[in-house]
1. For segment 280-304, enumerate the residues that are buried (at least 17 other Cβ atoms within 10 Å of the Cβ) and either of a type in the set (Gly, Ala, Ser) or in contact with a Leu (Cβ under 7 Å, 6 or more places away or on another chain) (or both).
2. Tell me the strands (runs of 3 or more DSSP E) entirely within segment 1-90 that contain at least 1 residues that are out of contact with any helix residue (DSSP H, G or I) (no Cβ under 8 Å at 6 or more places or on another chain) and among the charged types (D, E, K, R).
3. Return the residue satisfying two criteria in turn: it lies in segment 317-335 and is basic (Lys, Arg) and touching a residue at least 24 places away in the same chain (Cβ under 8 Å), and of such residues it is nearest to LEU245 (Cα to Cα).
4. Which of the residues spanning segment 143-160 are assigned to a loop (DSSP other than H, G, I, E, B) and of a type outside the set (Phe, Trp, Tyr)?
5. Could you give me the residue pairs with C-beta distances under 7 Å whose first residue belongs to segment 121-139 and is farther than 13 Å from ILE18 by Cα, whose second residue is part of a helix (DSSP H, G or I) and acidic (Asp, Glu) wherever it lies, and which are 6+ apart or on separate chains?
6. Can you go through ILE305, ILE252 and tell me which one is in contact with a Lys or Arg (Cβ under 7 Å, 6 or more places away or on another chain) and within 19 Å of LYS226 (Cα to Cα)?
7. Which one is farthest from the chain's Cα centre (by Cα) among residues in segment 161-195 that are closer than 21 Å to TYR31 by Cα and assigned to a loop (DSSP other than H, G, I, E, B)?
Amino acid sequence: MSIKILKEDLKNNSLKNIYVFYGEEEYLKKYYIDKIEETILDDNFKSLNKIVLDGKVEDEKIIEACETMPFFSERKLVVVKNSDRFNSKGSAKSKKNEEEFIKYVENIPKYICLVFYEDTIDKRLKIVKGIKNNGLLVEFQYLKQPELVKWVIKTFKSYKKIIDVNAASYLVSISEPGMTEILNEIEKLVSFLGEREKVEIDDINKVCTKSVKSRVFDLVDAVAEKRISVALKLLNDMIILKEPLPKILLLIARQLRLILQMKVLCNEGLGKNEACAKLNITPYVGSKVYNQAKNFSVEKIKDVIKEAMELDLAIKTGRINDRIAAEILIYKLAE
C-alpha cells in the first residue's frame, strides 16, 4: 500500500516532506530515490539542491542540511543513508534530543523532501510513529517470483533482447533474490549474446552464477531421485565455495517446507498452477517442486523437517559437527 501511495505522490508531483525507505530490496530503494530526484529537481541545479548524508550523523547535521534554502528550485532533496536511528540500538539518544528531533520533523520546511534510507526499522519507536504521522514509511521487500519474471522480460527488452517466460523463470529461480544481483546476471547475458537476440536456457547455464538456494534445489532434486553421490558432491561444492553450513541446512529445511505446502495443496484437490499461485512461485519453480513432492509422503517430509530442527539445535549446542549433520539429513531424506 505504501509503495502505491509513493507512486501516486510521484505521478501527481505532490511528494511529502519526509519518507523512510527500508527493507531488503536495495534496487527499489535506489530506484525511487532517483525518481524523487527526477521529479523535484532541475537537471541544471541538481548538485546544488541535493545533499546526501551517510552513517550515524547527528541531528544537527540533518537540520542544517534541511534549513539551507534551495537554489533556483522550489524543492530540495536531503537523503540520509544508514543512519541506524530507527531501531532500538541506533536510537539510543536522550529523550529530550529525540523529542526535539520529532518536533523538528513535524515542522520541517515545506520545500524539503527528506528521505531516510535504512535496512530495518522498529515501528514501536516514538521517532518512527512521529514520522508516520507526518510522512510515509515505505517497505521494499524482495519481489515475488512472478513479479521478478515480468521485470526480467521487460529489462531484456530494454536491451533489445528477447527472453521467453520459461527462460526468465529459470533465471529468476537460480539467481539471488535481489534485483541488483539479477540485473548483474542480465548484463552478463547481454554481453555474452552479442548480436544474437534471443536468450536461451543454455545461455543462462553457461554464463550465470547459481545462488545457494538454487544449488540446494538441485541437491534436493538429486536426493529425490536417489542420486546420493550427486547430492553429496553438491554439498561439498557449496562448502568449497565457503557457504556456511547452517545456512545450507536452513535452505534445505525451507525447500522441504515448500514441498510440504505443495503436497498438502495438491492433496486438497488444487491443480499444479493453482498451487503455484497460492505459493507465489513461478510455473517453472512450481513444476520442479511438484515433481519433487511426488517422491515424498507428507509424513516423510514432516519427519525430515523435524530432524533438521533437531540437528540445528545439536550444531548450536556443539553436540555434532555441522558437515556431519548435513550429510545425516541427506541420508535421512533419501531413506
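1. Passing the criteria: GLY286, VAL289, ALA293, ILE301, VAL304.
2. Hits in segment 1-90: 50-54, 76-81.
3. For segment 317-335, the residue satisfying everything is ARG323.
4. The answer is LEU143, LYS144, LYS160.
5. If the second residue must be part of a helix (DSSP H, G or I) and acidic (Asp, Glu), the pairs left are LYS126/GLU98.
6. ILE305
7. So, considering only residues that are closer than 21 Å to TYR31 by Cα and assigned to a loop (DSSP other than H, G, I, E, B), the one farthest from the chain's Cα centre (by Cα) is SER175.
For (1) within 21 Å of GLY178 (Cα to Cα); (2) among the small types (Gly, Ala, Ser); (3) surrounded by 15 or more Cβ atoms within 10 Å (Cβ to Cβ); (4) in contact with a Cys (Cβ under 8 Å, 6 or more places away or on another chain), each residue gets a yes or a no:
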{"position": "LEU10", "(1), (2), (3), (4)": "no, no, yes, no"}
{"position": "TYR19", "(1), (2), (3), (4)": "no, no, yes, yes"}
{"position": "GLU24", "(1), (2), (3), (4)": "yes, no, no, no"}
{"position": "LYS30", "(1), (2), (3), (4)": "yes, no, yes, no"}
{"position": "LYS35", "(1), (2), (3), (4)": "yes, no, yes, no"}
{"position": "ILE40", "(1), (2), (3), (4)": "no, no, yes, yes"}
{"position": "LYS46", "(1), (2), (3), (4)": "no, no, no, no"}
{"position": "VAL52", "(1), (2), (3), (4)": "no, no, no, no"}
{"position": "LYS56", "(1), (2), (3), (4)": "no, no, no, no"}
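Bear in mind these aren't lab numbers, they're just calculated from the coordinates by the rules spelled out. Since the structure is predicted, the reported quantities are computational estimates derived from the model, not experimental observations. Methodologically, a virtual Cβ is constructed for each residue, glycine included, from the backbone with ideal geometry; neighbour enumeration extends over all protein chains shown.
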